[in-house]
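Each remark here refers to the structure printed beneath this line.
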Amino acid sequence: MAEPRQFKTEVQKLLDLVINSLYSNKEIFLRELISNASDAIDRVRFDALKDESLLGDDTQWKIKLIVDKDAKTLTVRDNGIGMTAEEVENNIGTIASSGTKKFLEQLSANKENLPPELIGQFGVGFYSAFMVADEVTVLTRRAGADGKGVKWQSKGDGFYTLEECDKATRGTDVILHLKEEAENFLEEWEIRKLIKKYSDFVEHPICMDIRREEYERDADGKRIEGKEPKVTIEEETLNSQKAIWQRPKNEIKPEEYSEFYKHVSHDFQDPFETIHWSVEGNAEFKALLFIPKKPLFDMFMPDQKDRGVQLYVHRVFITDKCEELVPSYLSFLRGVVDSSDLPLNVSREMLQEAKAMSVIQKNVTKKVLDTLADMQSKSPDRYLEFWTNFGSILKSGIHIDFANSERIQKLMLFESTATEAGKRTTLEEYVKRMPESQKEIYYITAESSAAAANSPQLEAFKSKGYEVLYMTDPIDEWIVQDIHEFQGKHLHSIIKGDVDLDTEEEKKAHEEERKAEEESNKDLLAKIKELLGDKVKEVRLSKRLTESACCIVNDEYGLSANMEKILKAMNQEVPEAKRIFEINGNHPLVKAMHDMLGKDDKAQQLADYVELLYGQACLTAQIPLDNPLSFAKKVSDLMGKCSL
């Protein structure tokens, strides 16, 4: 008698959620079990490329459904890879994925707000069997293993048993002891409906013994009473088996695409975009790719981020973790690429070196970027929806794919000083709107569009009618360094270096005026630098302020405050930045400070004003204050004096 073992805590939580609240559509249990069976067959086919002995005499791939109405059981049987006792323990008794644990925490806290049936994303669809079964038995034997098989059994009550059993052939039987309310899943018509709906495209035959009763009839075709019917039982294949990506597009219905997408992505929404095409010539392959509506739960998990598009060779599954197939900036894609040019015994090293892989990747990348460009041109609102969900991932390609950098730049969207709320603009549209006097593309990096819009550094640009792009994604700080120019226009940060927006004629006209302003403020600038000391690298008059009294800017090649914040959040060592403090010589407060110079009784007041102005500039630039308490006290003191 096998001794009961207790599930790990996270497995029991998972079972409770699955059984009691998670799945609203219980019928998907069959799809999950068939998908697992199909994966097991693909695995043994792949492993057998290196070790044919794994197959023995059994090479007729099959997933068999066995119905026993008397015992009220439904069995899903495959002749795939099978499992050892240790693999059963690891795959069913525990959940090793930290992503699954995180998902369970989110689900437990927010199950009313999360879409149902997301559990399949983590490869634990097996547990969906407990939605319809009050007991599940698994009989399995690993391909190539000698001796007996393994029997796993549980009622989903927190315990399971694991013991040896007699199993003559490799593969796995999952036996569901159905609940009374789930006995409809023993009916032929119900099973046929579910196979057609969810698993018709599965490559391997899904078979079932079909019982038929044939009654003897008279010459008029009427049934002869009193005679027992002739009973025949024949095995029938319930699915079409033809890989959906091998079929012509005009023969495939939208709902078929949708169901296949759900199969490969474990998403339960329809795909946002479907891309289906074939290539002949230097590289021959067929591809069926999907863009999800939203980022999938596993997209940013370290152990899942490279899993997306599945690679097949001559319809044999090879891998779903292949960075040589799809570049990382298209990692949101799901689907299949089936090549005719790669050998079946392909290895990891061969994939990296195979010329065909490089050609396939170039074709896949081009097709996806073409599709996005077409969407951007013809359906801008729809493209904005895509960009909102996946823009941050896509534009990372500028940093890693030099060959396609310009194409990706054209696909980028930004908010700007000229866009309405919720709208975006492209670099091409920006350039078309540029006044003749404007020679560069201006942008500001910030942690949000609100922070960018309220930046005092915008003032001179607004007064000139020059549009400024808001770059508010953390990745923008990196990619903008790789975009030196667009359509001959250099990109210029408005918070770095010096700025002079005057034309040559305006510079000549204002030359004397500027010299006089510099001369008259020379002593004030020196005093401010003296008071601030090493806090700033330089103090100078600003050419970018028209309303505000002051602002902080960076050297041309210095780190922005936003970049520093991002790097510190990544636990990176960041050298202390020495920024430039700019003041507006025409501001009343600055003029008042000028009048305090050289007056002993005003020295402390001037020092306080400098500290307050510098603190104000830091806050505007979202830079933490060195001494917030001192700043707050000086503000209070100043307000108190003003009220007297």
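Here are the numbers for this structure:
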item	result
Theoretical ellipticity at 222 nm over the chain - DSSP helices of four or more residues, -39500 (n - 2.57) apiece, nearest 500	-11000 deg cm²/dmol
Among beta bridges that DSSP assigns inside the chain, antiparallel share in %, nearest 5	75
Cα gyration tensor, region 504-643 - rounded (a/c under 1.5), prolate or oblate	oblate
25 °C / 0.890 mPa s Stokes-Einstein diffusion coefficient of region 438-541, Kirkwood radius on C-alpha pairs, µm²/s	153
Alpha-carbon centroid distance for the pair region 587-621 / region 157-198, whole angstrom	79
Given charges at beta-carbon only (K, R positive; D, E negative), |dipole| of region 507-644 in Debye	220
Sites GLU228 and SER278, calculated FRET efficiency, Cβ-Cβ separation with R0 51 Å, nearest 0.05	0.40
Cα shape, region 144-200, gyration tensor, a/c 1.5 rule	oblate
Calculated diffusion of the chain, Stokes-Einstein form, Kirkwood radius summed over Cα pairs, 4 °C and 1.567 mPa s, µm²/s	43
Rounded Å value of the spacing that divides the Cα centres of region 463-498 and region 502-554	23
Three-way shape label, region 414-493, alpha-carbon gyration tensor, a/c 1.5	rounded
Backbone HN-Hα couplings from phi across region 472-478 [Karplus 6.51/-1.76/1.60, Hz, Gly and Pro as x]	10, 7, x, 5, 4, 4, 8
Distance (nanometres) between label positions extended 7 Å along Cα→Cβ at GLU576 and GLU188	8.4
Stretchable slack from GLN60 to LYS367, in nm (0.36 nm times residue separation minus alpha-carbon distance)	106.8 nm
Burial order of peptide ranges 55-62, 471-478 (average beta-carbon count within 10 Å, highest first)	471-478, 55-62
Table column - 3J(HN,Hα) (Hz), region 548-554, Karplus curve with 6.51, -1.76, 1.60, x for Gly and Pro	6, 7, 7, 7, 10, 10, 10
C-alpha center-to-center spacing [region 55-77, region 423-447] in angstrom	64
Additional length obtainable on full extension of the chain from SER53 to GLU86, 0.36 nm per residue less Cα span	9.7 nm
LEU342 long-range amide H proximity, modeled H, under 5 Å	none
Highest to lowest packing among 373-382, 390-399, 584-593, scored as the average C-beta count within 10 Å	390-399, 584-593, 373-382
Translational diffusion coefficient (Stokes-Einstein; Kirkwood radius from C-alpha pairs) of region 325-453 at 20 °C, 1.002 mPa s, in µm²/s	125
Point-charge dipole on Cβ atoms (K/R +1, D/E -1) for the chain, about Cα centre, debye to 20	500
Protection-proxy order for peptides 513-521, 239-247, each taking the mean of Cβ atoms within 10 Å per residue, highest first	239-247, 513-521
Contact order relative to length of the chain, as percent, for alpha carbon pairs under 8 angstrom and 6 or more apart	8
Length gained when the stretch LEU638-GLU214 is fully extended (0.36 nm per residue, less Cα-Cα span)	142.5 nm
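Bear in mind that the values in this text are calculations on the coordinates, not laboratory data. It should be emphasised that the depicted structure is a prediction, and the values quoted were computed from it without experimental measurement. FYI the Cβ positions are ideal-geometry reconstructions off the backbone, even for glycines, and counts take in every protein chain you see.
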